[in-house]
Amino acid sequence: MKKRIVILGGGFAGVECARRIEKHVRSNSSTEIALVSEDNFLLFTPLLPQVASGMVQTRNIVIPIRTILKKTKFYENRVQGIDPVSQKVSLWGTPERHGITLDYDFLVVALGSETNFFGMQDVEDNSFKMKTLKDAVDVRNRVIDILEQADNESDPDIKKSLLTIVIVGGGFAGIETAGELHDLLTDAVKYYHTISREEIHVIVLESGDVILPSITKKLAHIAHTKILQDGIDVRLRTVVVSFDGDTVGVEDVDGNMHDDIHTKTVIWTAGVTPVNTVKRSVFKTKQGKIEVDDHLEAKEYKNVFVAGDCALFHDVDGKPLPPTAQVASSQAKCVADNLVSIINGKPIRTYEFKHKSHMALIGKRSGIASLFGMSVGGILAWMMWRNLFITKVPTFSKKIRLILDWTGDAIFDRDISRLKFTNNKKVKEYETEAELDDFW
């Protein structure tokens, strides 16, 4: 009798789990694998900041799932609900097709996460995110847009607010985004004759005592020193309390208000939360994540495993593991191995996460890396980062395309074309009498 494994999520955890199961059961026709994802591609999220800066083309950080998984049945659908009692997963329908229900013998929940604004609706409404491919393109368009506006702005206060970009969150996403956007802005100003490099202000707000809190203090200090040298303003122990599109309200972690920051652009990378499908499920959750045992199996429900951002697993110090691609891939491998062991009647293994390395880019041809206990900064770390990520890209064609993008960036200037998409909504036009008088 066939055993069906259904995997929910097409991110690092879901795809890696399916790949590993395929390798183990390739000669076992009694096992069927199905994967459900809203998108038909794997998004290489660590490269989103490079898409935002124009270094890498959008299509080169997405890999079609069907080219990665050869023996997995793929469904491009959204998950409507999970019933672990009857062992069924329901998928939403569309105007073109009805919703469907999948039966399973084993379930892997790897639905990832979404941006967490901690209940601040005004911040959510007025901020940019860095979570999806569209987010990265929107940020890139916004950066070019503010340069275009600032170049012809006569009011110094408005010009200053346009050229001030606030990035909330001092983790990997925030620091790498800050570095990439600062490079884009300082490289592009030569095309904008009324803007100088000194007028560019990139500010990182971090609520903790250090940036990059998940790495060693020595490595974090190297990163902090480098981005300060590049001219990026880092403000620690600072939290955002409001943003109305013009002014960021901030206070320190003790609740003391600080001076407002006048800006038109806030990019939020300060936290994630599991998707609503997980939050409203019957699984036992804490902080929105599904509680799992030492084998990454959901508590109270057998044959349901959880991996990635929606799994609540603590390290040896009792701290939840961070929502990173490295953690997701590590958990996916453990889940895949345990599923194969169960099917073959063998004992399953306990999950233990070991940090293999910490790497981040912190500006043009500069990075930080921790490998085998050594902390490295500068161009050597930058080269190590690139070599590592090339090995992680699943298909040969995407590896070559990525290398070509990086090579082109080293030779040519950044492209400052803004990608406009069709918008049927009529744009309001604002004009002042003084401007009209000057024109005519």
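Where a number appears in this text, it was derived from the coordinates with a stated rule and is not lab data. Since we're looking at a predicted model, the values are computed, not measured. Quick reminder, even Gly has a Cβ in these numbers, built from the backbone with ideal geometry, and neighbours come from all protein chains shown.
A few comments on the model shown:
- Counted by neighbouring Cβ atoms within 10 Å, the residues MET257, MET384 run from fewest to most as MET257, MET384.
- Relative contact order, percent, the stretch 13-107 [alpha-carbon distance under 8 Å, six or more residues apart]: 25 percent
- DSSP loop GluC sites (Glu not before Pro) with at most 12 other Cβ within 10 Å: longest gap in the chain: 97-299
- Across every direction, the projection of the convex hull enclosing the Cα atoms of the stretch 233-302 has a mean area of 7.6 nm².
- Farthest towards the positive end of the charge dipole of the chain, among the residues LEU219, ALA325, SER397, is the Cα of SER397, using unit charges on the Cβ of Lys, Arg, Asp and Glu.
- Taking other Cβ atoms within 10 Å as a rough exposure proxy, SER397, SER86 sort from fewest to most as SER86, SER397.
- Two-site FRET efficiency, ILE379 against HIS98, from Cβ-Cβ distance with R₀ of 56 Å, rounded to 0.05: 0.50
- Where N is the number of residues in the stretch 275-409, Cα Rg divided by 2.2 N^0.38 Å: 1.29
- Between 0 and 90°, nearest 10: helix 217-229 axis offset from the chain longest Cα axis: 30 degrees
- Counting only alpha carbon atoms, the long axis of helix 172-188 and the longest principal axis of the chain meet at about 40°.
- Placing +1 on each Lys and Arg Cβ and -1 on each Asp and Glu Cβ, with no other charges, gives the stretch 45-181 a dipole about its Cα centre of roughly 880 debye.
- When only alpha carbons are used to place a centre, the stretch 241-256 and the stretch 139-206 end up 20 Å from one another.
- Alpha-carbon spread of the stretch 183-327, three principal axes, descending order, Å: 64, 35, 35
- Relative contact order (percent, whole number), the chain, Cα cutoff 8 Å, 6+ residue spacing: 18 percent
- Rg followed by Dmax, in Å, when the stretch 22-121 is reduced to its Cα trace: 16.9, 52
- Projected-area mean, the stretch 93-148, by convex hull of Cα positions, square nanometres: 7.3 nm²
- Simple Cβ-charge dipole of the stretch 1-90, Lys/Arg +1 and Asp/Glu -1, about Cα centre, in debye nearest 20: 460 debye
- With θ taken as phi - 60° and the Karplus curve 6.51 cos²θ - 1.76 cosθ + 1.60 applied, the whole-hertz 3J(HN,Hα) list for the stretch 77-93 is 8, 9, 7, 8, x, 10, 10, x, 6, 8, 6, 9, 10, 9, 10, 5, x Hz, x standing for glycine and proline.
- As a calculated quantity, the FRET efficiency between LEU228 and ASN344 at R0 = 41 Å, using C-beta atoms, amounts to about 0.15.
- Fully extended contour minus Cα-Cα distance, from THR247 to SER417, at 0.36 nm per residue: 58.4 nm
- If you wrap the Cα atoms of the stretch 85-195 in a convex hull and average its projected area over all directions, you get 11.9 nm².
- The label point for ASP122 and the one for LYS190, both projected 7 Å from the Cα toward the Cβ, are 4.1 nm apart.
- Over the stretch 236-332, relative contact order from alpha-carbon pairs under 8 Å, at least 6 apart, %: 14 percent
- Cα-derived Rg over Rh, computed across the stretch 355-406 with Rh taken as Kirkwood radius: 1.01
- Computed from Cα positions, the angle between helix 325-343 and the longest principal axis of the chain comes to roughly 10 degrees.
- Approximate spin-label separation LYS319-THR395, in nm, with each point projected 7 Å along Cα-to-Cβ: 3.8 nm
- Given charges at beta-carbon only (K, R positive; D, E negative), |dipole| of the chain in Debye: 3280 debye
- Spatial separation of Cα centroids for the stretch 349-364 and the stretch 318-339, in angstrom: 11 Å
- Toward the positive end of the charge dipole of the chain, with +1 on the Cβ of Lys and Arg and -1 on the Cβ of Asp and Glu, the farthest Cα among VAL143, GLY378, PHE117 is that of GLY378.
- Counted charge near CYS334, where neighbours are those whose Cβ lies closer than 13 Å (Asp, Glu -1; Lys, Arg +1): -2
- Helix-only [θ]222 nm of the chain, DSSP H runs n ≥ 4, -39500 (n - 2.57) each, per residue, nearest 500: -10000 deg cm²/dmol
- Residue pairs, from the table LYS88/LYS346; LYS159/LYS190; LYS131/LYS289; LYS23/LYS392, whose Cα atoms sit over 21 Å apart: LYS88/LYS346
- Modelled spin-label separation between ASP254 and LYS356, with each label point placed 7 Å from Cα along the Cα-to-Cβ direction: 4.3 nm.
- Its Cα gyration tensor gives the stretch 307-349 an equivalent ellipsoid, and the semi-axes of that ellipsoid, as √(5λ) in whole Å with the largest first, are 23, 12, 7.
- Residue order for ARG19, ARG365, ARG401, ARG237, fewest other beta carbons within 10 angstrom first, comes to ARG365, ARG237, ARG401, ARG19.
- Counting DSSP beta bridges with both ends in the chain, the antiparallel % (nearest 5): 55 percent
- Kirkwood-based Rg to Rh ratio, the chain, C-alpha trace: 0.99
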